[in-house]
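Encoded as structure tokens, the structure appears first; notes follow it.
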Amino acid sequence: MLDCSLQAFKESIKSKKVAVLGIGISNTPLILYLARLGADVTAFDRADAGALSGRVGQFEGLNVKLCLGERYLDGLYGFDVIFKTPVVRPDIRELVAERERGAVVTSEMEVFLRLCPSKVFGVTGSDGKTTTASLIYEMLKASGYTCHLGGNIGTPLLPKIDEIRPEDMTVVELSSFQLQTIGKGVGVAVVTNVTPNHLDVHKSYGEYIAAKKNIFALQGENDVCVLNYDNGITRGMAAEAGGKLGFFSLRRDLSDARAFRGGAPDLDGLRTGEEPGESGKGCERPSEVGKSGEEPSESGKGCERPGESGNDSKGSGEGGECDGGGEQPCGVGTARASRFPAITACVKDGCVIVSTSTDYVAPTAPVSHAATAVTAATADPHCAVPPAPVAPATLAAPPASAAVTVAPAIHAATAVTVAPAPTATPAVTVAPLDPPGAAFVSAPVMRAGDIRIPGTHNVENCLAAICAVWPYATRSAIVRTAKRFGGVEHRIEHVRTLNGARYYNDSSSSGPTRTIACLKSFSEKVILIAGGKDKALDYSILGEHLARSVKLLILCGQTSEKIKASLLNYLESSNEACATPIIECGSLSEAVRSAWQNAAPGDTVVLSPASTSFDMFRNFEERGQTYKKLVSALPDAGPAPE
């Protein structure tokens with residue numbers, strides 16, 4: 001039934017008994033689509049009719065039955081096809097029993113990938129998926145393609161499949177839950193990073209990593225897999241990728257092909273299975289990581305928990321060792337990549353450099369960057385590739401001159417040093433690569449400091465996107481998008497400037513590592529509003545960053561004590577006095593008032609909770625929207641509104 005054409009699928013689904021688990025924002029269009037195709041649909045959700053009234057009202061006049069309440073799965077019997085919501089494990093007893101009775105258990109994303117007629121770019125990872133997927137979409141769209149964006153980002157694509165043509169480009173954000181059951185690969189796969197996540201749903205860290213690997217497990221030899229070179233887990237995936245390999249890195253010069261002789265080099269000081277970053281910590285034991293999640297239900301985005309449609313829990317953690325239960329989530333094979341890349345993207349001397357092997361030709365690629373890289377008309381006049389120390393061919397090296405420092409206004413973390421504008425054509429370096437006959441062609445793209453979206457982590461996301469779209473998007477579209485793209489809502493989103501103080505909304509940061517990345521995005525110490533629902537994450541990694549980057553800590557929610565303890569424990573262990581005032585509040589409204597009362601001209605106030613939102617809100621979007629409304633209501637003078 002699934003391995004067929006779109007028309008055959010439509011014919012086969014007619015009159016079939018179809019179950020859809022979860023009536024969330026993403027599943028509601030699916031239910032409508034299936035019912036309009038003539039399926040006999042039953043929608044299941046743990047919530048009651050009152051809580052779902054705004055959605056189930058859309059089913060009036062259609063052949064849609066409802067099975068709601070705490071025992072909603074009791075009615076799951078005798079179906080031909082079951083569309084499970086991603087966060088529901090495929091091995092729960094009700095699904096196992098139905099599968100044994102002959103039911104096809106699938107998901108909206110699995111069916112979409114099997115039927116989609118266009119090239120698909122798939123993005124997964126513990127952090128950065130939404131931003132990277134959005135960048136890929138915008139870069140392709142700016143290059144003239146008709147593009148479609150969906151998946152875990154919040155938009156189901158199967159109901160829109162009739163709008164997608166073979167010549168279009170489709171970009172999907174994929175969670176680990178969605179990836180557990182996909183049966184077809186994507187044309188271009190991107191894994192932004194992997195850190196412990198979703199261990200409240202996955203049986204082990206190893207299972208979580210295995211799910212992430214599914215994004216490239218079914219790729220063919222002409223497909224592309226783009227991996228984060230700076231992340232030990234993702235770098236180790238290179239040996240298993242079946243298609244062409246791509247790497248991106250902020251920490252390593254990947255433009256020199258000689259570095260890949262005999263396999264990809266280790267990062268300095270990075271031991272097998274370790275992640276670069278906070279305190280050198282990497283893989284964690286599930287018991288130390290606790291229960292975390294990246295996107296089980298961000299307002300129903302792709303993977304709602306039935307009856308909890310609208311929750312979010314994007315989080316991750318770092319620390320300790322890793323116990324993968326024999327599934328090798330880290331350890332042997334994760335520190336070195338045994339494959340030669342077809343394409344790399346990195347930052348060198350402040351410039352974004354893309355390097356491709358001379359034999360890398362993407363199928364149906366409309367762009368030949370190698371052919372245009374050495375022309376003055378297409379080169380960024382502020383970005384030149386320095387020649388390699390030893391290279392068989394170096395063209396038009398720029399004149400020696402003093403470097404200048406370019407720092408973005410908001411975030412010193414992405415300040416870069418770049419060469420001044422060359423008077424001649426920028427250099428393109430061709431360096432030898434094993435096996436004999438292969439070589440890299442390196443092309444300058446743009447200054448890293450010109451990437452608009454704040455934070456070094458977002459420079460990394462931009463590198464991933466550039467690596468993915470390079471054979472398909474024009475260089476001018478890539479640069480234009482990077483310079484104009486301001487980010488995704490609820491991710492270091494500027495809300496307003498009031499009395500000289502800037503207010504930012506980073507509500508999507510529902511784990512400590514995300515808040516750490518947010519803090520690194522600002523050059524000055526910030527007034528931080530943090531706290532939310534406790535998901536048993538390890539907050540110890542947060543303490544040092546609070547001490548170094550926060551001038552006033554305002555806490556509210558269940559995790560307040562853990563966040564405060566992380567700061568105080570760090571200060572005690574380092575024999576430092578507490579120079580960071582702490583204010584504890586009972587609500588987000590009270591926290592915003594406290595921030596307003598204490599903010600001075602030039603200050604930065606940021607909501608970056610390091611926690612999920614379930615203690616006070618339905619999802620991180622609602623929390624972010626509430627914060628923005630509270631900030632927008634603050635007066636120029638006088639008492640803050642209640």
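So what is the accessible area of the stretch 492-642 per residue, in Å², with the probe set to 1.4 Å? Value for the stretch 492-642: 37 Å² per residue. In this simple spin-label model, placing a label point 7 Å from the Cα along the Cα-to-Cβ direction at both Glu70 and Lys14 gives a separation of 4.3 nm.
From most to least packed by mean Cβ count within 10 Å, the peptides 577-587, 78-88 give 78-88, 577-587. Less than 5 angstrom separates the built amide H of Val105 from those of Ile82, all sequence-distant by 5 or more or on a different chain. Taking the average, over residues, of other Cβ atoms within 10 Å as the packing measure, peptides 131-139, 217-225 rank 131-139, 217-225 from highest down. What a 1.4 Å probe finds exposed on the stretch 495-642 is 49% carbon and sulfur by accessible area, rounded to a whole percent. Once you put a point 7 Å from the Cα of Thr358 and another 7 Å from the Cα of Ser476, both along the Cβ direction, what distance in nm separates them? Calculated label separation equals 2.9 nm.
Using C-alpha pairs under 8 Å with a sequence gap of at least 6, the mean separation divided by the residue count of the stretch 1-140 gives a relative contact order of 22 percent.
With all protein chains kept in place, the per residue accessible area of the stretch 90-130 amounts to 32 square angstrom at a probe of 1.4 angstrom. Here the spin labels are modelled as points 7 Å beyond Cα on the Cα-Cβ line, and at Asp91 and Arg452 they lie 4.6 nm apart.
Between Asn63 and Met616, what is 0.36 nm times their sequence separation minus the Cα-Cα distance? Round to one decimal in nm. Full extension of this stretch gives 195.5 nm more. Relative to one another, the C-alpha centroids of the stretch 541-612 and the stretch 36-64 are positioned 43 Å apart.
Take Cys578, project a point 7 Å from its Cα along the Cβ direction, then tell me which residues of the stretch 508-543 have their backbone nitrogen under 19 Å from it. Taking a point 7 Å out along Cα→Cβ of Cys578, the residues of the stretch 508-543 whose backbone N falls under 19 Å are 526-532, 539-543. About its Cα centre, what dipole magnitude does the stretch 484-642 give when the only charges are +1 on Lys and Arg Cβ and -1 on Asp and Glu Cβ, stated in debye to the nearest 20? With Lys and Arg at +1 and Asp and Glu at -1, about 400 debye. Pairs exceeding a 27 Å alpha-carbon distance, out of Lys483/Lys562; Lys348/Lys628; Lys141/Lys628; Lys17/Lys160: Lys483/Lys562; Lys348/Lys628; Lys141/Lys628.
Over the stretch 511-642, the alpha carbon radius of gyration divided by the compact-protein estimate 2.2 N^0.38 Å works out to 1.00. The relative contact order of the stretch 499-618 comes to 45 percent, based on Cα pairs under 8 Å that sit 6 or more residues apart. Under 5 Å from the amide H of Thr85 lie the amide H atoms of Leu21, each residue being 5 or more positions distant or on a separate chain, with H modelled from the backbone and absent for Pro and chain starts. Close amide-amide hydrogen proximity is noted between Tyr504 and Val495, Val605, Val606, Leu607, each under 5 Å apart and 5 or more residues distant or on a separate chain (H modeled in the peptide plane; Pro and chain starts excluded).
Considering only Leu542, Trp470, Gly531, the residue lying farthest towards the positive end of the dipole of the stretch 448-578 is Trp470, judged by Cα position with unit charges set on Cβ.
The values are calculated or read from the model by the stated rules, or taken from the named source; none is laboratory data. Worth saying up front: this structure is predicted, and the values here are computed from it rather than measured. Reconstructed Cβ throughout: ideal geometry from the backbone, glycine too, with neighbour counts over all protein chains shown. For the accessible areas, the whole protein counts, side chains as well, though only heavy atoms, and no ligand, DNA or RNA atoms are used. Shrake-Rupley method; radii C 1.70, N 1.55, O 1.52, S 1.80 Å.
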